[in-house]
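Novice: Following this message is one structure expressed as structure tokens.
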Amino acid sequence: MYHIISIKDFEREDIDNLLARAEEIDTQGVYERSLEGKLVALLFFEPSTRTRMSFASALARLGGASICVDSVEGSSIIKGETLADTVRVVSGYVDAIVLRHPREGAARLASEFATVPVINAGDGAGQHPSQTLLDLYTIRQSMPLDAIDVGLLGDLRYGRTAHSLAYALSHYDVTLHTIAPSGLELPEHLLGELKERGMEVIAYEDVSDILPSLDVLYVTRMQRERFPDSASFLNVAQSYRITPEILTGVKNSLIILHPLPRAGEIDPRVDDLPYARYFEQAKNGVPVRMAMLQEVMGQ
Ligand code: NCD
């Protein structure tokens, strides 16, 4: 059975094929109601706007339907049911499961008990493969993933979108520039993997030091809910903010991405600058997730 749990399970060719399919859907409207009659469970045990709604939208456009659980409180998890039991039961109701869960590794575990395909829609500070695919898709709309400099800014320790994206970019000719407050750098094990894969990764504390050389700036939110205490959150919360002023001297072709939601990291005045691509990025979630749903359900 085909699950999508981690971007690490993808070869470069798999990524390229999926993005090509998304592009066909997006630009030529090449899709039929190929998932007519299919039912997907959206199990979201953490808040979500974009991921949940774009999966639901993607499915509806392909003729399928979704049923969802929106919170731990609204499900039997609150009564002490294990995730393993939940996915076993839900497997009997649907043709695929999309799962978001606060615990790292939850999607992998779910895939071991599910009898239908599982798509990881974010597991704690772990991975977020569907976000990464739409991030890559958005970059490719502006430039080839070839000889480019990508900056990852913000909470790189707890930000799962940064983890998945950094790994995916190691398939391509990309130099990675990481800009994070002290203590919130990319996890050591991931850094080790990237370097083993031959990726050049350079760390900075101040974004201005690298901004003029970047082709892509990927901004992330401080993952407040994953900080061990609120004092450590407050210490770093205001230290990274992209404003029009800081962007003087950047390349004309720079694109700024953010998985959203933003919580002050990007000044709204940046939205009107030509660099801002985060709303298009969010929109790209639909064709990319249509391609993913077709893939896991074998259509
Ligand atoms: C991200 C997430 O949930 O990891 N949001 C998303 O899916 N677009 C980023 C975040 O919450 O900061």
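Novice: Neighbour counts of other C-beta atoms within 10 Å: give me Ser164, Ser142 arranged from fewest to most.
Specialist: Ser142, Ser164
Novice: Here is a further query. Can you list residues from other chains, or at least 5 along the same chain, whose modelled amide H is less than 5 Å from the amide H of Val40?
Specialist: Ala65, Ser66, Ile67, Asp95
Novice: Going toward the positive end of the dipole of the stretch 56-202, with +1 on Lys and Arg Cβ and -1 on Asp and Glu Cβ, which of Ser182, Val89, Ser164 do you reach last?
Specialist: Selected residue: Val89.
Novice: While we're here: Which value in deg cm²/dmol, rounded to the nearest 500, describes the helix-derived mean residue ellipticity at 222 nm for the chain, given -39,500 (n - 2.57) per DSSP H run of n ≥ 4 and division by the residue count?
Specialist: Value at 222 nm, helices only: -10500 deg cm²/dmol.
Novice: For a distance above 20 Å, tell me the whole-number percent of Cα pairs in the stretch 130-282 that qualify.
Specialist: 44 percent
Novice: So, one more: How would Tyr31, Tyr218, Tyr204, Tyr2 line up from fewest to most surrounding beta-carbon atoms within 10 angstrom?
Specialist: Tyr2, Tyr204, Tyr31, Tyr218
Novice: Ok, one more. For the stretch 1-86, take the convex hull of the Cα atoms, compute a quarter of its surface area, and give me that in nm², please.
Specialist: The number I arrive at for the stretch 1-86 is 7.2 nm².
Novice: Another question, then. If you wrap a convex hull around the Cα atoms of the chain, how much volume per residue is inside, in Å³?
Specialist: 127 Å³
Novice: Now a separate question. What is the order of Phe279, Phe45, Phe227, fewest Cβ neighbours within 10 Å to most?
Specialist: Details: Phe279 11, Phe45 23, Phe227 20.
In increasing order of surrounding Cβ atoms, one gets Phe279, Phe227, Phe45.
Novice: Check Ile242: other-chain or 5+ apart residues with amide H under 5 Å from its amide H, H built from backbone geometry?
Specialist: Distant-sequence amide H within range of Ile242: Ile266, Asp267.
Quick note: the coordinates plus some simple rules give every number you see, no bench work behind them. What you see is a predicted model, and the numbers here were worked out from it, not measured in a lab. Neighbour counts run over all protein chains shown; Cβ positions are idealised from the backbone, glycine included.
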